[in-house]
Each structure stands twice: as structure tokens, then as C-alpha cells.
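Written below as C-alpha cells is the structure these notes are about.
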Amino acid sequence: MKYKSFTNSPILYLVATPIGNLEDISLRALRILKEVNKIYCEDTRTSSILLNHYDVKTPLESYHNFNEETKSEVIINYIKEGHDVALISDAGNPIISDPGFKLVSLAIKNGIPVTTIPGPSAFTSAFMTSNMSLPFLFYGFLKPKKIEREKELLELKYYKATLIFYEAPHRLKDTLESILAVLGDRDIYIARELTKKYEEHYYTKVSELLANFQEFRGELVLIVKGYLEEGYNIEERFKLIDEQIKLGLKTNEAIKEVSKMLNIDKKELYKEYVKYKEEG
Ligand code: SAM
């Protein structure tokens, strides 16, 4: 389907707002927020701080997880009547672990032009300082229940891409324990309170973070090294198996041990090791 032309059509603007520092808003974002007929936001009290700071007087209404379904239709009808609308979230980009998906789907279905006013997002900002490599997979929040969270992590275990998660500080310890149990002891980077007064960056290992665990406060992004990046090429894996055998383990046991240690498939490792031994 050809995208509808923007000329003379009312538009849905997805406007990025700061992730902590009020100065991180674009001039275009401010202009659009002043020009549209209405701004929809998650929490009117939170967004009023930003809008008052920049003297934006546009009417503000709430659009959040609990009214997304019904409110989306109301907003679409409002746009169809000829009004321009901006959607913002409490911080960063709408849609990214924030409400807005239903509204955008419905707008596209109704042929309403949707455009973005780009700006900061916590995960892209954190990735820049993470010292981790592309490609990355942005996951958002893992599920709070251990069993569901570990199932999600299991699905990500063999991804070669760097993994990016959002997490709340009170769930950090449980999440780190699940990461250690399922993904293994990988390099991890934590970005805390980006762009704010108490911004901090941790470059460490999951086990080290847990060994000296202190409660974290504020907002966090976790970035975990991808599977292949963990190191251990094929020869190094065989060397580890040989070392285990030297320590007294049977071949099967050594392979099981190393596959556990490196978080890799036992059967695959067994096949590779047998082939390597046969080829001398
Ligand atoms: N839509 C936002 C975005 O574009 O980044 C994310 C919203 S999500 C509900 C909130 C999560 O983003 C927080 O729990 C935290 O993981 C992350 N986050 C937001 N602001 C942050 C900041 N200043 N520093 C670190 N993480 C942040």
C-alpha cells in the first residue's frame, strides 16, 4: 500500500522526549508540541513538568496502558475530524516499552499519516557507552516471574547479538541471577540514571555484580554480551575438555561439564569432539 501523502492531512506525530535531562529535546519537537491540537501522554503530571518548562500550552490528555484500547479509537476519530495529534511518553520514545502500539496500528489501518520526531531513547543511549558490538537485540523488560523470565532467556541463549534489557532496580538481583543461570557468566554493562545527576556506568561480569551486590536505585539499562562474543573458539573448547579428562573425568562427563560451563549444546560439542579426535 502506498503511504498516504502528508499534504493537508491531519497527522499523528510520535514525539521523543528526554530520558532525564530536560535539555535533551529537539527544537522541532518543541515546535510540533506547540502546533498540534492535542498532546496525549502517559501521565499528565509527569509530562506537565516538561511542557511547562518550555511554555507549551497545548491541551494534554492521558493515554496509558490501561486505556490504550478504548482511547486509541477516540484519538483516531479526533484526528479524522481534522486535528493534528502528538503522542509522547513519560520519557524517551513512545512505543519503546511504552504505550502507543495500538494507536499506531489503528492509524495506519485508517490511512492516517504517522511520523516521528526522533530523540533520545534509553537503550540507544546506553548502547553507545556500552563498549559492546553490533548487531544488538533490544528486548525491553523480561517477565517478572522467574520461570517465565528464564524461559525467555533460554530463547535468547544462542543469539550472537548483544542483548539489551530494561529493568527496574528492585528486580535487578533476581534478573542477574537468572542471566547467570541461563546465559552463563557473561560480560555485562549497566547504565544507570543516564543524562541525570547520578549517572553511572558499570562494566563488569554478571558473577562479579552478584558477588558484591548492592541495591541499585533509579533507572537501569542492562547490556549483555552475545553468545559468540563469549570467546572460546572450537580449539579452546577441546582444550577445556582435555583438561577435564586429565583431571580424571570420563570423556562424556568432561563434555557435559564443558558444555555446561560454556552454555553450549552437549550433543553438538560431543559430535565436534569425536570428529576432532578421529581426524587426529
Ligand atoms: N520509552 C523509553 C525509551 O525510549 O527508552 C523507555 C520506557 S520504559 C517504561 C522505562 C525503562 O527505560 C526504565 O525502567 C529503564 O530500564 C529505562 N530508562 C529510562 N530512562 C533511563 C535513564 N535515564 N537511564 C537508564 N535507563 C533508563
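The values are calculated or read from the model by the stated rules, or taken from the named source; none is laboratory data. As the structure is a prediction and not an experimental result, all values here were calculated from the model. A quick note on method: Cβ atoms are made from the backbone with ideal geometry, for glycine too, and the neighbour counts reach across all protein chains shown.
Worth a mention:
- Looking across Leu156, Leu180, Leu172, one residue alone is at pLDDT 95 or above, surrounded by 14 or more Cβ atoms within 10 Å (Cβ to Cβ) and not basic (Lys, Arg). It is Leu172.
- Residues that are in contact (Cβ under 8 Å) with a residue 24 or more places away in the chain, on the phi < 0 side of the Ramachandran plot and among the charged types (D, E, K, R), drawn from the stretch 174-198: Asp174, Glu177, Arg186, Asp187, Arg192, Lys196
- Residue match in the stretch 156-163 (condition: within 16 Å of the ligand (Cβ to nearest atom), among the charged types (D, E, K, R) and not in a helix (DSSP H, G or I)): no
- Taken over the stretch 59-96, residues that are among the polar types (S, T, N, Q) and exposed (fewer than 15 other Cβ atoms within 10 Å of the Cβ) amount to 4.
- Considering the conditions (1) closer than 30 Å to Val36 by Cα; (2) assigned by TED's automatic domain parsing to the domain that holds Leu210, Lys146 is excluded by exactly one of them, (1).
- Here Glu193, Glu229 are screened, and the one residue that is more than 11 Å from the ligand (Cβ to nearest atom) and either at pLDDT below 90 or surrounded by 16 or more Cβ atoms within 10 Å (Cβ to Cβ) (or both) is Glu229.
- When we screen Leu210, Leu249, Leu269, Leu240 for residues that are surrounded by 12 or more Cβ atoms within 10 Å (Cβ to Cβ) and assigned by TED's automatic domain parsing to the domain that holds Leu180, the only hit is Leu210.
- From the list Leu87, Leu60, the one residue that fits, being outside the structural domain of Ala191 (by TED's automatic domain parsing) and within 16 Å of the ligand (Cβ to nearest atom), is Leu87.
- Among (1) touching a His at 6+ places or on another chain (Cβ under 8 Å); (2) free of Cβ contacts under 8 Å to residues at least 40 places away in the same chain; (3) β-branched (Val, Ile, Thr), the one test that Thr129 misses: (2)
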